[in-house]
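Working notes for the structure below.
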Amino acid sequence: MRHTFAIPLFSVFLSLVAAPVGALPISAEVESFIAEMQAQGFAPESVRRSLEITEKDDTVLRLTGAKPTPGKGKAVRSWRAYRKRFLGAGHIDNGVEFYQENRATLERAAQQYGVPPEIIVGIIGVETYYGRNTGNFETLSALATLAFYHPKRGELFREQLADLFLLARAEGRSVESYTGSFAGAIGYPQFLPGSIRKYGVDFDGNGHIDLEESVEDAIGSVANYLASYGWQRGAPVAEKLQGDISAAKADALVKRGIEPAIEPKEITRAGLRTRHGDPAQTATLIDLPTPGQATEYWAGYRNFYVITRYNRSSFYAMAVFQLAEAVKNGL
């Protein structure tokens, strides 16, 4: 997951409170999970006791798409509507403040990992509004619900549930002590437990990885995540394209995929160009449609692709990039 779902936490109704419908039954599937954790060195009675106090949460299932929302049809893609959620004055002004308050940590992360400070700020701003909205769902119950009741992604969430137990043991915490998003993502950067174990760093040097309370750990972990996926130090992220392109040509290029594979001259021959001419390097064609308005087209480079490893949505990655640029310009 992108350690997370395709919908950033801030873009859902964060005021929703989980609505459990009953204690999780200890089924054969749950017993199998307990046996798996026993093989990892956990006492089975301890795991069983923790799971027995969790609650199946229909809100979690609905928000992750496992249960339909009554009266809700398929959403229409609108870049302008999506952009408005993250590029308003509040996100920009608070992003500038967050940058200034954490400048030393951001610059240390940039030096160590090669990821610009503003990109780190953009990720945290889009994910949780700089830590203001990290979620109020009990992580154990959310992941247990998804692990044993999600019809399509149960296996994925069983892995994350196991990672939560392993993370809690490594950090000397109770597995019941974590809270976060409806999908089990935790802290400022909304990492799933598996991502915390793999990419989380103790950037404040206190011996623990804490993405809920330590801004330093969150900043370092975001930078490490992006660097691990191949962030290119000093390289461009994306450029807006100008010109005219037929719907058929645009569709064909967009379908080439999100990983940069289109040569600059090919984009130019299709009718699009940057204000300097050809795109700077091999790119992907990013389409940003808005109903009733002309579609925006951008050349997305390797670093844009890296942002989509955090969240597979091109809308998400563009919002992060544009918020990052707005914060940098506001300093």
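Each reported figure results from applying straightforward, stated rules to the coordinates on display, with no laboratory input. Everything numeric in this text was worked out from a predicted model, so none of it was measured. Don't worry about glycine lacking a Cβ; one is built from the backbone with ideal geometry, like all the others, and counts go over all protein chains shown.
Details
- Relative contact order (%) - the range 238-300, alpha-carbon pairs under 8 angstrom, separation at least six: 42
- The chain: calculated mean residue ellipticity at 222 nm from DSSP helix runs of at least 4, using -39500 (n - 2.57): -14500 deg cm²/dmol
- The range 140-188: mean projected area of Cα convex hull, nm²: 3.2
- The range 268-324: trypsin sites (Lys or Arg not before Pro) in DSSP loop, at most 12 other beta carbons within 10 Å: R275
- Listed peptides 223-230, 290-297, 180-187 appear in the order 180-187, 223-230, 290-297 once ranked by packing, highest mean of other Cβ atoms within 10 Å at the front.
- Farthest toward positive dipole pole in the chain [+1 Lys/Arg, -1 Asp/Glu at C-beta], among Q40, A238, V201: A238
- Using θ = phi - 60° and Karplus 6.51 cos²θ - 1.76 cosθ + 1.60, couplings along the range 245-260 (whole Hz; Gly, Pro as x): 9, 6, 4, 5, 5, 4, 4, 5, 6, 4, 6, 5, x, 7, 7, x
- Global form of the range 163-287, assessed from the alpha-carbon gyration tensor, a/c cut-off 1.5: prolate
- Against the chain, whose longest principal axis comes from its Cα atoms, helix 28-39 is set at around 90 degrees.
- Rotationally averaged projected area of the range 96-224 (alpha carbon convex hull; nm²): 7.6
- Taking a ≥ b ≥ c as the square roots of the eigenvalues of the alpha carbon gyration tensor, the range 26-178 is oblate, as a/c is not under 1.5 and a/b does not beat b/c.
- Computed about its Cα centre, the charge dipole of the chain is approximately 1380 debye, with only Lys, Arg, Asp and Glu carrying charge at their Cβ.
- The angle between the Cα long axis of helix 89-101 and the main principal axis of the chain comes to about 70°, on a 0 to 90 degree scale.
- The modelled label-to-label distance for the pair K255/Q281, using points 7 Å beyond Cα in the direction of Cβ, is 2.8 nm.
- Counted charge near R269, where neighbours are those whose Cβ lies closer than 11 Å (Asp, Glu -1; Lys, Arg +1): 0
- Per-residue 3J(HN,Hα) values for the range 283-289, derived from phi via the Karplus relation 6.51 cos²θ - 1.76 cosθ + 1.60 with θ = phi - 60°, read 9, 10, 8, 9, 9, 10, x Hz in sequence order (x marks Gly and Pro).
- Rounded, prolate or oblate (a/c below 1.5 giving rounded, otherwise prolate when a/b exceeds b/c) for the range 237-331 by Cα gyration tensor: rounded
- Hydrodynamic analysis of the chain uses the Kirkwood radius over alpha carbon pairs. Inserted into Stokes-Einstein at 10 °C and 1.306 mPa s, it gives a translational diffusion coefficient of 76 µm²/s.
- Contact order normalised by residue count of the chain, Cα under 8 Å, 6+ apart, percent: 22
- Placing R0 at 45 angstrom, the Cβ-Cβ distance between Q111 and R269 gives a FRET efficiency of 0.65 after rounding to 0.05.
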